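Here is the structure we will look at, set down as structure tokens.
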Amino acid sequence: MAALPVPLPSAKMAAVEKRRQAVAQATSFTDSGRPGVSRAAATTESEEDFLRQVGVTEMLRAALLKVLEARPEEPIAFLAHYFENMGLRSPVNGGAGEPPGQLLLQQQRLGRALWHLRLAHHSQRTAFNNNVGVAYECLSASGRKKKPGLDGRTYSELLKRICRDGEAPEEVVAPLLRKIQCRDHEAVPLAVFRAGMLTCFVLLEFVARAGALYRLLEDPGLAVADRRLGQAVLDTLEGALQASDDTAPARYLEAGSRLGPDSLALAMDRALVARRPSAPMTREEFLEKAAALFIAKVKPVG
């Protein structure tokens, strides 16, 4: 990724610095020409005013709040990435939006939006929703020839990147994307954007848990699972999802987590009662069927 240009000092910052120097000079000496006793206090106050007026105080406060929300293992590296990814949140930065820089600008904004979306797990509802709002603002920044707002093309591209970076098989997530994508030139409101982001992240976690479940069924020597066992687990999972009337994607994970060892063991015992030969079930087939149960509960956009 190309390095961001170093912004030149704004007129506002120059004016504040000029006032700061004037205050410092005025408080340096008394009428007798000797240094004033309040010089240090005046300088400290003027520096605080400068930081506050140019927005540094508020910026640092927001950064520290992000650290508290995300609680990263390496907070210094987290802050470095945070400040690096602040560059394109404002329409002022990179707002030209004209070829050939338009494509690069769009990719930079997508990368920054994705970074903000990953700052907090979706279960941290307040922090996640705040980060969704920041990502939406980042992608909605307007340029000289672009009206503010988020279009369906950008929204759909972000959905694809989330699913691709989550390492979910393409055939597993493709049906979900068809359900929640918008038309390229369709305006995407914040509520739709938030629902789409949450649904994608929940599906990725759902598929990851299904993968872990499949590994318990898998024959290490053959790298496949018995079809009777796999189907019995899928049927039990489907029953748990159908028992939940809630349409919130996060509730689907809760429904799946209610599958206790006893219910799964009972279903698997029943499947093994019949000693008939059974065809194998691959991991890809198991994940695709498990994801289909999830996607069936998702409401399509529009």
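The values are calculated or read from the model by the stated rules, or taken from the named source; none is laboratory data. Only a predicted model underlies this, so the values are computations on that prediction, with no experimental measurement involved. Cβ sites come from the backbone with ideal geometry, for glycine too, and all protein chains shown count toward neighbours. The area values use the complete protein model at the heavy-atom level, side chains included, leaving out ligands, DNA and RNA. Shrake-Rupley method; radii C 1.70, N 1.55, O 1.52, S 1.80 Å.
Being in contact (Cβ under 8 Å) with a residue 40 or more places away in the chain and of a type in the set (Gly, Ala, Ser) is the filter here; which residues of the stretch 209-222 pass it? Residues satisfying the conditions are ALA210, GLY211. Restricting attention to the stretch 194-246, the residues being open to solvent by less than 30 Å² (accessible area, probe 1.4 Å) and among the small types (Gly, Ala, Ser) number 8.
Can you work out which of the residues in the stretch 168-181 that are touching a residue at least 24 places away in the same chain (Cβ under 8 Å) and under 19 Å from the mean Cα position of the chain (by Cα) is most open to solvent (accessible area, probe 1.4 Å)? In this case the residue turns out to be GLN181. Among the residues of the stretch 128-138, those that are open to solvent by less than 10 Å² (accessible area, probe 1.4 Å) and at pLDDT 90 or above comprise PHE128, ASN131, VAL132, ALA135. Among the residues of the stretch 139-165, those that are open to solvent by less than 40 Å² (accessible area, probe 1.4 Å) and at pLDDT below 85 comprise ALA141, SER142, GLY143, GLY149.
Quick one: is LEU110 without any contact (Cβ under 8 Å) to a residue 60 or more places away in the chain and not polar (S, T, N, Q)? The answer is yes for LEU110.
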